[in-house]
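J.: Structure below; questions to follow.
What follows is calculated from the coordinates using simple rules that are stated; it is not laboratory data. None of these values were measured; they are calculated from a predicted model. Reconstructed Cβ throughout: ideal geometry from the backbone, glycine too, with neighbour counts over all protein chains shown.
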Amino acid sequence: MRLILLGPPGAGKGTQAQRLVAKYGIVQLSTGDMLRAAVKAGTPVGLQVQKIMASGGLCPDELVVDIIGQRIDQPDAHKGFILDGFPRTVPQAEALDSILSEKALDLDAVIELQVDEGALLRRIETRIADMKARGEKLRDDDSPEVLHKRLEAYRQLTAPLIAYYRGHGMLRSVNGMAPIDDVTKAIDEVLAAGGAKAVASKKKEFSA
Ligand code: AMP
């Protein structure tokens, strides 16, 4: 099973990815997590991206494509993976297509978590306030200003992926504003129906 979860920051991609990991025994590949680990470890990549991430901008395409290309080759990803936070631009999606076709792999589905941006902002602001109240450490990019910038980057650079994957017959959309369990159920239904592969093979049947 190979999936992409698409949606703006705070849409619940990480939560749903963790559930899919538990259910299908596949790995979650979050470029955000990998880059944060690089920043924490002070690697050359970490030093390169630290400021970009703290400001809410996007890291260079070649850098993240390289990271994902290498990560997909690791043995634990052979059974399948969920990409969370990647691709984030059309050039990244095109690079992913080439990486997968070189390895003769394909995607089962691209699942878009559809959310209302106003409600999303309120949801994230509440989460930040709750974390502060509990005295928990916030991420460097957990501030309303940075959040606005991250949403802006999503609108400009990542949202075009919806049309990209729709055009490739891969896109499945679920309501990301529903309660978490309902979102999980909707994703399960998409996958039980065979994801995008089922639709592609039906299309073939009809055109045959
Ligand atoms: P995330 O945890 O997915 O929200 O990612 C946190 C930050 O990491 C983003 O705001 C970007 O600065 C950077 N990042 C993560 N994934 C990517 C990506 N695919 N392309 C570019 N930058 C990324």
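J.: Could you go through the range 96-103 and let me know if any residue there is in contact with a Lys or Arg (Cβ under 6 Å, 6 or more places away or on another chain) and within 20 Å of D73 (Cα to Cα).
T.: Within the range 96-103, none of the residues are in contact with a Lys or Arg (Cβ under 6 Å, 6 or more places away or on another chain) and within 20 Å of D73 (Cα to Cα).
J.: Still on this structure, please answer the following. Go through (1) part of a helix (DSSP H, G or I); (2) under 26 Å from T184 (Cβ atoms); (3) more than 9 Å from the ligand (Cβ to nearest atom); (4) small (G, A, S) and name the single condition G46 misses.
T.: Condition not satisfied by G46: (2).
Listed here are the residues, each with its yes/no results for (1) more than 18 Å from the chain's Cα centre (by Cα); (2) under 21 Å from Q50 (Cα atoms); (3) in a loop (DSSP other than H, G, I, E, B).
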residue	(1), (2), (3)
A93	no, no, no
D97	no, no, no
L105	yes, no, yes
I124	no, no, no
D141	no, yes, yes
L157	no, yes, no
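J.: Let me ask something else about it. Assuming A11 fulfils every condition listed in (1) near the ligand (Cβ under 9 Å from one of its atoms); (2) within 18 Å of S173 (Cα to Cα) apart from one, which condition is it?
T.: Unmet condition: (1).
J.: On to the next question. Tally time: how many residues in the range 60-116 are among the aromatic types (F, W, Y) and more than 10 Å from the ligand (Cβ to nearest atom)?
T.: Pass one, the range 60-116, residues among the aromatic types (F, W, Y): 81, 86.
Next, only the ones that are more than 10 Å from the ligand (Cβ to nearest atom) stay: 81.
Adding up the residues that qualify gives 1.
J.: Would the range 23-37 turn up any residue that is in contact (Cβ under 8 Å) with a residue 60 or more places away in the chain, within 13 Å of the ligand (Cβ to nearest atom) and crowded, with 21+ Cβ neighbours inside 10 Å?
T.: Within the range 23-37, not a single residue is in contact (Cβ under 8 Å) with a residue 60 or more places away in the chain, within 13 Å of the ligand (Cβ to nearest atom) and crowded, with 21+ Cβ neighbours inside 10 Å.
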